[in-house]
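Written out below as structure tokens is the structure these notes cover.
The values are calculated or read from the model by the stated rules, or taken from the named source; none is laboratory data. Computed from a prediction, not measured in an experiment: that's the story for all the values here. Virtual Cβ from ideal backbone geometry, glycine too; neighbours counted across all protein chains shown. With ligands, DNA and RNA removed, areas are computed over all heavy atoms of the protein, side chains included. Shrake-Rupley method; radii C 1.70, N 1.55, O 1.52, S 1.80 Å.
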Amino acid sequence: MRDRVWKGLLVEQVSPTPGERILDVGCGTGTLTLMLHRACPECDLLGFDADANVLAIARAKAAAANARVEFWQGRADDPTNVPMLRSGSFDKIVSSLLFHHLSTEQKRRAFSHCLRLLRPGGELHVADWGRPANALLRLPFYLIQVLDGFPNTTDNVRGLLPELMRDAGFCHVAETRRVATALGSLSFYRGVK
Ligand SMILES: C[S@@+](CC[C@H](N)C(=O)[O-])C[C@H]1O[C@@H](n2cnc3c(N)ncnc32)[C@H](O)[C@@H]1O
């Protein structure tokens, strides 16, 4: 399945509703953030990422689309320097293809910060590489592991992200969907504060 297609499925899962404040963690060039904005222009959308270069592209895309979306620089595992990211101030947090870049300890810290940033009852929606549905989908994922590093990607391929979400304090954690792509098996997860 192609990037735009599975990101569309993730937008459906997030189901943005007018008035909601939604954060895209590790937003990259803002493709998903802008898809969420298009799905619900009455939402308050904010993206953040560690990389200033991708954020410049995200801001240019938002300006070209005349979209009122803010992008900030910060680290998912320590976002305390971003003033916009106040505890309990988000209804929903979404993240795609970020967590396999983080070490286990960074994943734990990032999930804890997501929990802190959500209001009670707020939802976290994650799409990232997961446990492959079959051996055929395991093989291409070795390429991702060579590119992005074996230590950070091993939690993903072992299907450990839900456990790390629960450890951080999320409840009703579930794998909601598996998507086969040319590079491996993506899993969607959902958790509630
Ligand atoms: C594969 S890209 C995914 C971008 C976007 N979410 C998407 O799905 O198209 C991973 C992104 O995570 C960002 N990233 C990596 N480590 C990060 C961290 N510790 N905190 C915030 N962003 C991080 C990278 O800068 C990059 O933009």
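Structural remarks
- Straightening the chain between Ser112 and Val192 buys 27.6 nm, computed as 0.36 nm per residue apart minus the Cα-Cα spacing.
- Beta bridges by DSSP in the chain, antiparallel share as percent, to the nearest 5: 45
- Arg68/Ser89 FRET efficiency (R0 22 Å; Cβ-Cβ; nearest 0.05): 0.80
- Candidate lysines - alpha carbon under 19 Å from Lys107, same-chain residues fewer than 8 apart omitted: Lys92, Lys193
- P(r), alpha carbons of the range 3-192 - 5 Å bins starting at zero, rounded %: 1, 8, 17, 21, 22, 17, 9, 3, 0
- Accessible area in square angstrom per residue, the chain, 1.4 angstrom probe: 45
- Each of Ala64, Gln145, Gln13 was placed along the dipole of the range 3-192 (beta-carbon charges, centred on the mean Cα), and the one lying farthest toward the positive end is Gln13.
- Positive-end residue of Thr181, Cys114, Trp129, charge dipole of the chain with Cβ unit charges: Thr181
- Within the listed set Asp167, Asp44, Asp91, the Gaussian network model of the chain (springs between alpha-carbon atoms below 10 Å) gives the highest mean-square fluctuation for Asp167.
- Summing +1 for each Lys or Arg and -1 for each Asp or Glu among the other residues whose beta-carbon sits under 13 angstrom from that of Val173 gives -1.
- His125, His37, reordered so the largest accessible area comes first (probe 1.4 Å): His37, His125
- Here the range 63-193 exposes an accessible surface that is 54 percent carbon and sulfur, computed with a 1.4 Å probe and the other protein chains kept in place.
- Here each label is just a point 7 Å from Cα along the line to Cβ, and for Arg138 and Ala52 those points are 4.3 nm apart.
- With a Förster radius of 25 Å applied to the C-beta separation of Asp148 and Leu9, the computed FRET efficiency comes to 0.65.
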